[in-house]
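Asker: I have a structure here, written as structure tokens, and I will follow up with some questions on it.
The values are calculated or read from the model by the stated rules, or taken from the named source; none is laboratory data. Remember, predicted model here, so these are calculated numbers, not experimental data. We place every Cβ from the backbone using ideal geometry, glycine too, and count neighbours over all the protein chains shown.
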Amino acid sequence: MVDIGFSQEMKMQHSLAPQLYQSLEILQMPIMDLQNLIKQELSENPTLEIINKNEDVNLEVESGTSDQDQFDMEISSYESDNYDYASPSELTEKYQYMMDSLVEEVTLQNHLLQQLDEHVLNEQEKTIAELIIGNIDDDGYLNLNIDELLNTPNFPEIKFYKILKLIQTFEPTGVGARDLKECLLLQLDYKKMMNEDVYTIISEHIDLLGKNKLESISNEMNISLEDVKKNIEIIKLLDPKPGQNISSKNADYIIPEIYVEKNDNDELIVKANDKPYPKLFISQKYLSMLKDKSVTKETKKYIREKISKSKLMIQSIEQRLSIVELVATEILNIQHSFFNKDSDELIPLNMKRIADKLNVHETTVSRAASGKYIQTSRGIFEMKYFFNPAVPTISGRVRSNHYAKNILAKIISREDSKKPYSDSKLSELLKEKDILISRRTVAKYRDQLNILPSNLRKKV
């Protein structure tokens, strides 16, 4: 197994070295964002080059040294008979091929990270910010178990909430909210549309609003029905899913980084997809210049700095491929019945279980799963799809929320459209199926399944 090296470094109480910070950043990036980063590095770093996939070049990346002469020797060790000096026209052709193959792509996470770059943060704050952004879903909501983080020894709670408030000021307005109520209130505050009645409707009566019980809101707030309707018109100007304004642009463009397929022995295996990654290597031209006595010390210093950056880029990409494959392998081991089509049910799984298995920090698993996709015989799934908490049952049997959502969808699909079940009734019906969840949880799952509330499902 490759030594991942993220275990101790990811503890947030320690300051991250720039090298580790870039490795973690590359690990978390969606593939399109990584390709754009490679494109930028190729344009700025002359010592980093790409080769065609069919060229047989073995690039060994070693750790650096502070001794300058030894460094020259180390860099020279990259040279191999396999490396042929490419002509300027060949290098230009390869570079242009790379530029043409990389498509500029805007994702919600990339959009937020660009805004993050506009703020001056220390390494710990950047780590927290990237953790938060990496766990914001396509709708713009923070999908992170904060309670688990707060239970982590020495977790910087005050700084976490400070960074969360910062991200909640980013565009699209309402992003980073933990629930619908917070999402709408963030938008009201930003748009200077806040008034006492609108605030009260959202903060105290959002459930009644969802059921269209306007008279109940009127009675609870002791205001006229007409005033309730006027305030609701203001609320209608808000966006319940702000992230869709960004993420929907790229919803149809998915590159799986992992394939789950059967080998010759009919066994399921994980196979990394390295096709989206260009083959990177250190330029022979600049390696030779380090041995050239006519080259000035200043020039050599510049070359060494650029080569160090090239090495770090290559190392980080290789490490990304390794950890994503390791996490996917553990997912396959745990969810084998699902992948093998023996069962449609997912086993309850949290990231800590895989982190403990791989001896890495939980946030490393979160970064590895964020924005990554797995191609299976069942279709393409986001890696985070396979992480789902357990739901309580009457019998004590372990069930996942994925299972509960499937049962909920089936119950609703069979209801009388003239008398659709309320969320309270659905909660009771789920108990008959051994699933013990509250009305609020039913409403949450129903919303995640894009199923309307009962008053809007009713057909006359």
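Asker: Can we say Ile217 is touching a His at 6+ places or on another chain (Cβ under 6 Å), modelled with pLDDT of 90 or more and not assigned by TED's automatic domain parsing to the domain that holds Asn450?
Answerer: Judged against the criteria, Ile217 is a match.
Asker: Would you say Leu164 is out of contact with any Gly (no Cβ under 7 Å at 6 or more places or on another chain), of a type in the set (A, V, I, L, M, F, W, C) and outside the structural domain of Ala355 (by TED's automatic domain parsing)?
Answerer: In short, no.
Asker: Hey, among the residues in region 295-320 that are closer than 12 Å to Glu41 by Cβ and hydroxyl-bearing (Ser, Thr, Tyr), which one's surrounded by the most Cβ atoms within 10 Å (Cβ to Cβ)?
Answerer: Within region 295-320, the match that is surrounded by the most Cβ atoms within 10 Å (Cβ to Cβ) is Ser310.
Asker: Being out of contact with any Leu (no Cβ under 8 Å at 6 or more places or on another chain) and part of a strand (DSSP E or B) is the filter here, so list the residues in region 113-149 that pass it.
Answerer: Across region 113-149, the qualifying residue is only Tyr141.
Asker: Does region 119-142 contain at least one residue that is exposed (fewer than 14 other Cβ atoms within 10 Å of the Cβ) and within 22 Å of Ile246 (Cα to Cα)?
Answerer: Within region 119-142, none of the residues are exposed (fewer than 14 other Cβ atoms within 10 Å of the Cβ) and within 22 Å of Ile246 (Cα to Cα).
Asker: Out of all the residues in region 411-460, which are within 24 Å of Lys181 (Cβ to Cβ) and of a type in the set (Gly, Ala, Ser)?
Answerer: Ser422, Ser424, Ser427, Ser438, Ala443, Ser454
Asker: Report the residue count in region 340-391 for those that are part of a loop (DSSP other than H, G, I, E, B) and either within 18 Å of Asn406 (Cα to Cα) or β-branched (Val, Ile, Thr) (or both).
Answerer: The qualifying residues number 12.
Asker: Looking only at region 420-460, count how many residues are at pLDDT 90 or above and either part of a loop (DSSP other than H, G, I, E, B) or among the β-branched types (Val, Ile, Thr) (or both).
Answerer: Of the residues in that region, 11 qualify.
Residue by residue, here is whether (1) of a type in the set (Lys, Arg); (2) assigned to a loop (DSSP other than H, G, I, E, B); (3) more than 22 Å from Ile31 (Cβ to Cβ) holds:
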{"site": "His111", "(1), (2), (3)": "no, no, no"}
{"site": "Pro153", "(1), (2), (3)": "no, yes, yes"}
{"site": "Ile158", "(1), (2), (3)": "no, no, yes"}
{"site": "Phe170", "(1), (2), (3)": "no, yes, yes"}
{"site": "Val198", "(1), (2), (3)": "no, no, yes"}
